[in-house]
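Engineer: Take this structure, written in structure tokens, and hold onto it; I'll ask about it next.
The values are calculated or read from the model by the stated rules, or taken from the named source; none is laboratory data. What you are looking at is a predicted structure, and each value in this text was computed from that prediction instead of being measured. Note: ideal-geometry Cβ built from the backbone for every residue, glycine included; neighbour counts use all protein chains shown. Accessible surface is based on the protein model in full, side chains and every heavy atom, while ligands, DNA and RNA are left aside. Shrake-Rupley method; radii C 1.70, N 1.55, O 1.52, S 1.80 Å.
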Amino acid sequence: AGAVIHTRQAMPWWFFALLGLAAAAQVGSAIAAASLAPLVTFPLLVVVALVLSHVRVTVTAEHVDVKLGLWGPRVALSRIERCEARRYEAMRFGGWGIRRSLDGAWAYSVPGGAGEGVELHWRDDRGSLRKTFVTTPRAAEVALAIEQGRAALTTTGVRVDATGDATGDATG
């Protein structure tokens with residue numbers, strides 16, 4: 001099924017500036033040492049920049065997909081017990097990135113934006129309660145899409161043939 005809503009929040013410019021400075025320092029060290037050894041971690045910096053550059057939230061008719069780079073849960077709407085748009089509490093999670101708070105909640109967050117996010121309370125396959133927080137610039141819209149998707153799952157969806165014919169043959 002297609003996305004009901006899709007949001008993307010990029011890391012702020014200073015994240016890339018810091019990685020650029022680290023890369024420049026490595027190149028400088030390699031030149032000064034006349035050795036390629038200092039460049040060993042250079043590919044890692046490039047991967048970090050590419051992989052952790054943004055957080056994405058996609059809500060479909062069946063699930064919520066949260067990703068910071070390659071990591072994050074895909075949660076079936078049927079497993080979500082509660083969804084709430086809130087402000088991100090960096091102190092609760094100890095900063096930004098993929099973080100775990102003392103109460104066991106996981107956060108997938110990037111700094112910047114309005115500091116908004118969505119907190120999900122959901123049950124995993126074993127029935128354990130999980131909490132996931134994700135920053136998104138459109139938190140209220142994401143939370144509304146999730147709640148509408150959950151509400152749609154609770155309807156029976158029974159279809160009745162308009163012709164009244166149980167076989168579906170309209171010729172009678």
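Engineer: When all C-alpha to C-alpha distances in the chain are sorted into bins of 10 Å, what percent of pairs does each bin hold, rounded to whole numbers?
Structural biologist: Going out from 0 Å in 10 Å bins, the chain shows 9, 30, 24, 15, 11, 6, 3, 1, 0 percent.
Engineer: Now, a different point. Express in Å², to the nearest 10, the accessible area of His6 obtained by rolling a 1.4 Å probe over the protein heavy atoms while all chains stay in place.
Structural biologist: Roughly 90 Å² of His6 is accessible to a 1.4 Å probe.
Engineer: Another question, if that's okay. What is the antiparallel percent of DSSP beta bridges lying wholly in the chain, to the nearest 5?
Structural biologist: Working: 34 of 37 bridges.
Around 90 percent of the beta bridges assigned by DSSP in the chain are antiparallel ones.
Engineer: Still on this model: For a quick check of understanding: with a 1.4 angstrom probe and all protein chains in place, what accessible area in square angstrom does Lys131 have, to the nearest ten?
Structural biologist: Estimated to the nearest 10 Å², Lys131 gives 60 Å².
Engineer: At 7 Å along the Cα-to-beta-carbon direction for both Ala30 and Glu141, put a label point, then send me their distance in nm to one decimal.
Structural biologist: Placing both labels 7 Å beyond Cα along the Cβ direction yields 4.1 nm.
Engineer: To continue, here is another question. Which helices, counted as full DSSP H runs in the chain, have an axial Cα extent of no less than 20 Å and a Kyte-Doolittle average of -0.5 or above? Display every interim value, and only then the final one.
Structural biologist: On the way: long enough: 13-33 (30 Å, 1.58); 139-154 (23 Å, 0.69).
Long hydrophobic helices here: 13-33, 139-154.
Engineer: So what is the relative contact order for the range 55-162, in percent, with contacts set as C-alpha pairs under 8 Å and at least six apart?
Structural biologist: On the way: 203 pairs, mean separation 27.9, N = 108.
The normalised contact order for the range 55-162 reaches 26 percent.
Engineer: Put a dot 7 Å past each Cα toward the Cβ at Ser101 and Leu44; how far apart are the dots in nm?
Structural biologist: Between Leu44 and Ser101, the label points sit 3.1 nm apart.
Engineer: Run the paramagnetic zone check for Arg82: 7 angstrom along Cα to Cβ, then residues of the range 96-132 with backbone nitrogen under 15 Å.
Structural biologist: Of the residues in the range 96-132, 103-106, 118-123, 129-132 have backbone N under 15 Å from the label point off Arg82.
Engineer: Could you rank Arg130, Arg87 by how accessible they are, 1.4 Å probe, largest area first?
Structural biologist: Largest to smallest exposure gives the sequence Arg87, Arg130.
Engineer: Sort out the exposed loop GluC sites (Glu not before Pro) in the chain (DSSP loop, at most 15 other Cβ within 10 Å) and tell me the longest stretch that has none. Walk me through the numbers on the way to the answer.
Structural biologist: Numbers: sites that count: Glu62, Glu89.
It runs 90-172.
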